[in-house]
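Laboratory data are not the source of any read-out in this text; all were calculated from the coordinates shown. In this text the structure is predicted, and so the values were computed from the model without any measurement. Glycine also receives a Cβ, built like all others from the backbone with ideal geometry; neighbour counts cover every protein chain displayed.
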Amino acid sequence: MNTLAAILATLRRATGSITGAVGFTIFVLVILAALFAPVIATHDPDALDVMNRFAPPSAAHWLGTDHLGRDLFSRLIHGATIAMSVALSAIALALAAGTVLGILAAYLSDRGERVILILFDVIAAFPSLVLALAIVAVFGPSTGVVVAIVALTMTPHFGRVARAQVLTLKNAPFLEAERILGASGARIVFVHLLPNIMGPLVVLASMDIPVVITIEAGLSFLGLGVRPPLASWGTLIQDGYQFLSDSWIPVVVSSLALALATLGFTLFGEALRDAVDPRIGRER
Amino acid sequence: MTDPAAPPLVSFEDVSVVFGGRVHALDHVDLTIARGEVLGLVGESGSGKTTLCRTLIGLTPLTTGWIRIGGAPLIETMAADPLGFRRRVQMLLQDAVASLSPRLTIGRTLEEPIAIHGLPREAARRRLDGLLARLGLPRDIVTKFPHQISGGQARRVGVARALMVEPDLIVADEPTAGLDVSVQGELLNLLMDLRRDLGLTYLLVSHNLNVIRRVTDRTAVMYLGQIVETAPTRDLFDRPAHPYAAALVSTNPAIDPKRRRRPIVLGGEIPSVVDLPSGCRFHTRCPVAQPRCAVDVPAEREVGPGRRVRCHFPFSLAPTAAADALLVAADAATAAAATP
Amino acid sequence: MAEPLVAIRNLKLEAGTARGRAAILRGIDLEIGRGRILGLVGESGSGKSSLAACLIGLTPANTSAISGEIRFDGQNLVGLDPTAFARLRGRRIAMIFQDPMTALNPLFTIGTHLVDVLRHRDPGLSRAAALSEATAMLVKVGIADPEARIAAYPHQLSGGMRQRVMIAMALLMRPDLLLADEPTTALDATVEAQIVELLAALRREVSGSIVFISHHLGLVAQLCDDVAVMYGGTVVETGPVDAVLTDPRHPYTRALIACEIDEDDAPGGRLLSIPGEVPDPVRPMTGCIFAPRCAHAVETCRSEVPELRTSGDGRRAACLRFEELP
């Protein structure tokens with residue numbers, strides 16, 4: 001109960017500024033769109049209406065139609081579902097793997113720690129686009145591959161922060177007190193350590209959502225990610241780009257949606273970070 | 001209070017702890033703690049007090065030597081029944097507020113011993129209620145978080161947590177550090193009442209010599225990883241035998257000017273534990289050091305009933321002999337330094 | 001008596017907190033005599049460090065109001081503009097802290113710190129002249145091998161040595177007023193004795209006054225000439241140190257001294273403490289600040305705020321009833 005109150009208090013602080021409030025509003029709108037896409041969408045996103053290609057915005061089609069006469073608004077709304085599910089599942093995977101590896105690195109012997117840190121360095125040093133190409137070459141493009149690629153490249157990010165957090169707390173008196181009481185290592189880590197290191201990691205995760213959304217859009221734009229006819233924002237921009245000479249509306253509208261979502265998430269993430277720990281922001 | 005013939009509850013037998021092959025944190029420590037006794041431990045920071053406490057609660061392994069608790073080697077007890085060992089030896093950490101999990105309520109923290117040791121819930125809860133009342137903690141403290149309670153309360157919560165497992169021995173590291181003098185007495189009274197009622201034994205570390213003088217039965221003085229003097233507390237303060245102990249107890253100014261004695265001010269800096277002095281470790285600062293002290297390492301020896309000292313030239317135990325001899329020597333040293 | 005160096009009149013300090021406006025200092029009246037050492041004692045939260053902060057013009061950022069008067073050699077420090085205060089700080093008022101590491105820049109050598117202080121005092125001084133004066137001062141504060149130490153960085157020195165460097169920095173300013181905020185609390189007993197002896201020896205050479213803040217009554221008794229006992233943002237008793245501490249008039253001073261462990265006390269006897277809680281700075285003061293915890297309080301103590309009144313030779317106490325007390 002108290003945790004809930006603490007979360008609400010943090011949210012209140014984060015939305016106290018104009019940018020925080022704007023970011024939070026966009027965040028909520030995108031989440032709602034992603035969750036209730038079938039309800040919100042005015043049309044079936046995949047329904048073709050070839051007679052009605054490149055229709056301008058109208059009462060029937062709020063944002064017009066694309067080169068196959070599909071309703072652009074509905075496709076954008078469904079795109080939010082894909083963007084959010086890719087972003088959240090990739091980040092959840094990276095957060096889990098990074099936290100486990102980070103805690104291990106902090107508690108392992110010197111040698112074990114070095115192995116994990118070198119692993120982080122190798123992943124981080126590898127150009128993610130080349131990595132993506134290699135993985136797609138082996139497994140072929142799909143939504144699952146996008147999630148895997150993004151999770152892999154984000155893991156070191158979370159791992160390093162988790163390790164640093166554990167190192168500052170490892171010898172904290174309250175953990176020492178647990179040891180003196182005879183608590184097992186697992187109890188110390190899961191009951192006492194984890195809740196105290198999650199705050200910064202969750203903030204980091206929220207700040208990574210827009211990054212992942214753009215990566216997914218980028219990969220899909222290049223044809224390495226989500227496959228057509230699924231309506232990812234990246235494939236929407238790609239479609240619009242191909243038929244730019246016929247109509248400028250699809251590419252501009254889908255690019256704007258992507259930009260607005262990324263901006264909103266970034267603003268909200270930054271406000272959240274400042275609300276949780278103002279020092280992190282100032283040190284940058 | 002304690003029977004000298006009974007076997008001690010705790011004995012350190014030639015215990016050494018060396019970190020990284022060169023930091024001699026504990027060096028050939030011999031020490032006993034009788035059942036029901038309060039043993040005080042004093043010394044400067046870096047003298048090994050904290051390491052000694054940590055070896056006794058099994059958090060720092062020994063490099064050589066043995067610690068026995070109730071006759072059995074600590075290392076074997078720990079291996080055979082780790083939780084059973086924890087139920088015998090508990091510790092009060094110095095930073096009481098930081099020793100409470102910041103995201104758990106006091107109630108959750110106090111239930112930790114129940115969960116860890118699988119104590120029968122009903123009996124344990126009754127015990128917890130009884131302890132809260134006994135320690136003068138309000139009932140609603142269990143719903144609070146560590147940052148919402150006072151320093152004195154945090155200390156008593158730490159005591160309650162330790163007592164949940166009904167230990168025999170409590171290691172108290174600076175239990176009054178950071179407490180205002182107006183509440184320090186309350187806590188010390190409580191610790192001593194608990195000793196009487198529950199038959200507890202304490203190892204009490206403090207830099208506050210008034211506290212040591214008041215509540216301990218015997219005191220061990222540490223310097224650079226060694227115990228340089230062990231004596232009944234009264235005797236130590238009245239007639240210290242080791243020059244360092246004499247200097248230490250003299251640095252405690254009384255409020256009343258009529259009772260104030262001149263402190264013996266030592267020269268020089270405390271040497272580093274990495275680069276220890278030859279011979280007697282104290283000879284670089286000792287006002288009465290002789291040439292031999294720089295060469296020969298003094299052994300610990302018995303100088304009186306229950307008194308052991310590690311010095312080639314301990315002071316005679318006649319009253320004030322130590323202070324007078326040291327003051328004369330210190331003055332001579334100051335005079336020598338003043339003339340260019 | 002000659003005019004005091006510092007005369008504080010009705011000094012009030014308020015700070016904004018999450019729970020509202022907190023009264024940190026509730027009307028301080030105090031004098032610091034020329035060339036005297038004043039001990040400032042009291043428990044945590046009594047306002048002794050805040051009083052020092054007002055004297056050196058470094059009040060915390062959440063300060064919402066400061067009123068009253070601090071006459072420093074005739075000049076009122078309350079409301080003094082920051083640049084004028086900054087000029088006073090480097091030259092006439094100096095301060096040493098409990099933890100010297102926070103006041104020393106880890107990237108600069110001891111020599112750089114000392115030369116900076118000297119150049120602030122006397123901008124025309126050459127570096128060579130400054131270094132030789134700094135070296136001489138290190139000898140004076142008891143640092144052996146000063147030529148080597150002057151090239152050292154703060155982390156290479158022990159705690160006691162760093163505190164000596166802080167004292168050297170303060171003395172190089174030749175301040176009229178030196179504020180020492182718990183300067184020995186973080187040090188070991190034998191090192192504390194060294195520093196206290198140093199301060200006692202230096203006072204013969206320093207013409208200025210010293211304010212020594214400590215919770216250690218024995219040290220204050222040993223080192224200081226005068227003492228002011230603070231409680232809940234007020235001064236409850238002040239006067240010559242031996243008189244106040246051996247024959248306290250205010251019930252709080254008495255209780256505080258009674259809590260100290262005395263060497264004559266029999267081991268095993270009960271230790272005394274002051275029951276109750278320290279006053280909440282957010283609550284307004286409607287009577288004697290100590291009344292809720294005072295064993296001698298009567299009805300008027302809760303409704304009437306006592307003034308500091310003369311209670312003997314050079315002594316004052318803020319208690320309505322000190323004449324009647326046993």
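Taking every residue in A:176-189 and counting other chain Cβ atoms within 10 Å of its Cβ, the average works out to 6. Mean residue ellipticity, 222 nm, helices only, the protein assembly as shown: the sum of -39500 (n - 2.57) across DSSP H runs of n ≥ 4, divided by residue count and rounded to 500, is -14500 deg cm²/dmol.
Note that the protein assembly as shown carries a Kirkwood radius of 32.8 Å, evaluated over its alpha carbons pair by pair. Positive end of the dipole of chain C (Cβ unit charges, origin at the Cα centre): among C:Thr83, C:Ser273, C:Thr300, the Cα lying farthest that way belongs to C:Thr83. Residue-wise HN-Hα couplings along the stretch C:66-73, as the Karplus relation 6.51 cos²θ - 1.76 cosθ + 1.60 with θ = phi - 60° gives them from phi, are 9, 9, x, 8, 10, 8, 10, 6 Hz; Gly and Pro carry x.
Across peptide B:262-269, the average count of Cβ atoms from other chains found within 10 Å of a residue's Cβ is 5. Across peptide C:271-277, the average count of Cβ atoms from other chains found within 10 Å of a residue's Cβ is 6.
Qualifying trypsin sites (Lys or Arg not before Pro) in the stretch C:1-89, where qualification requires a DSSP coil assignment and no more than 12 other C-beta atoms within 10 Å, comprise C:Arg19. Remark: the protein assembly as shown carries a charge dipole of roughly 220 debye about the Cα centre, counting +1 on each Lys and Arg Cβ and -1 on each Asp and Glu Cβ. Here's the picture: charge each Lys and Arg Cβ at +1 and each Asp and Glu Cβ at -1 in chain A, and of A:Ile31, A:Ser220, A:Ile237 the one pushed furthest to the positive end of that dipole is A:Ile31. In this simple spin-label approximation, B:Arg261 and C:Ser44 carry label points 7 Å from Cα along the Cα→Cβ vector, and these lie 3.3 nm apart. A simple charge model with +1 on the Cβ of Lys and Arg, -1 on the Cβ of Asp and Glu and nothing else charged puts the dipole of the stretch C:105-172 at about 120 debye relative to its Cα centre. Taking a ≥ b ≥ c as the square roots of the eigenvalues of the Cα gyration tensor of the stretch B:105-242, is the shape rounded (a/c under 1.5), prolate (a/b larger than b/c) or oblate? The shape class here is prolate. Protection proxy ranking, highest mean first, for peptides A:76-87, B:76-87: A:76-87, B:76-87, where packing is the per-residue count of other beta-carbon atoms within 10 Å, averaged.
Both numbers refer to the Cα atoms of chain B; Rg and Dmax are 21.5, 76 Å. The convex hull around the C-alpha trace of the stretch C:218-324, projected and averaged over every direction, spans 7.6 square nanometres. Using R0 = 45 Å, the C-beta based FRET efficiency linking A:Arg12 and C:Arg119 works out to 0.35. The loop-placed trypsin sites (Lys or Arg not before Pro) in the stretch C:117-209, going by DSSP, that have at most 16 neighbouring Cβ atoms within 10 Å of their Cβ come out as C:Arg204.
Among residues other than A:Arg53 with Cβ under 11 Å from its Cβ, the summed charge is -2 (Lys and Arg +1, Asp and Glu -1). Building the convex hull from the alpha-carbon atoms of chain C and averaging its projection over directions returns 18.6 nm². For the stretch A:1-106, the Cα gyration tensor yields ellipsoid semi-axes of 37, 20, 11 Å (square root of five times each eigenvalue, largest first, whole Å). Expressed to the nearest 5 percent, the antiparallel share of DSSP beta bridges inside the protein assembly as shown is 65 percent. FRET efficiency for the pair B:Leu83 and A:Val202, taken as 1/(1 + (r/R0)^6) with r the Cβ-Cβ distance and R0 = 35 Å, rounds to 0.55. When the Cα atoms of the stretch B:176-329 are aligned to their principal axes, the ranges along those axes come out at 50, 36, 32 Å in descending order.
For trypsin sites (Lys or Arg not before Pro), the sites in the stretch B:141-228 that DSSP calls loop and that have at most 16 other Cβ atoms within 10 Å are B:Lys144.
Its Cα gyration tensor gives the stretch B:35-82 an equivalent ellipsoid. The semi-axes, each the square root of 5 times an eigenvalue, are 21, 15, 9 Å from largest down. I'd like to know which of B:Val215, B:Ile114, B:Val171 lies farthest towards the positive end of the charge dipole of the stretch B:10-216, counting +1 on Cβ of Lys and Arg and -1 on Cβ of Asp and Glu. Ranked along the dipole, the leading option is B:Ile114. Normalised by residue count, the stretch B:6-96 yields a Cα convex hull volume of 116 Å³ per residue. Average 1/r across all pairs of distinct alpha carbons in chain A, invert it, and you get the Kirkwood radius: 20.8 Å. Dipole size of the stretch A:2-283 about its Cα centre, with +1 on Lys/Arg Cβ and -1 on Asp/Glu Cβ: approximately 720 debye, rounded to the nearest 20.
With all pairs of different C-alpha atoms in the average, the Kirkwood value for the hydrodynamic radius of the stretch C:105-172 is 11.6 Å.
The fewest-to-most ranking of B:Thr216, B:Thr51, B:Thr32 by surrounding Cβ atoms within 10 Å reads B:Thr32, B:Thr51, B:Thr216.
Each other residue within a Cβ distance under 15 Å of C:Arg204 adds +1 if Lys or Arg and -1 if Asp or Glu, for a net charge of +2.
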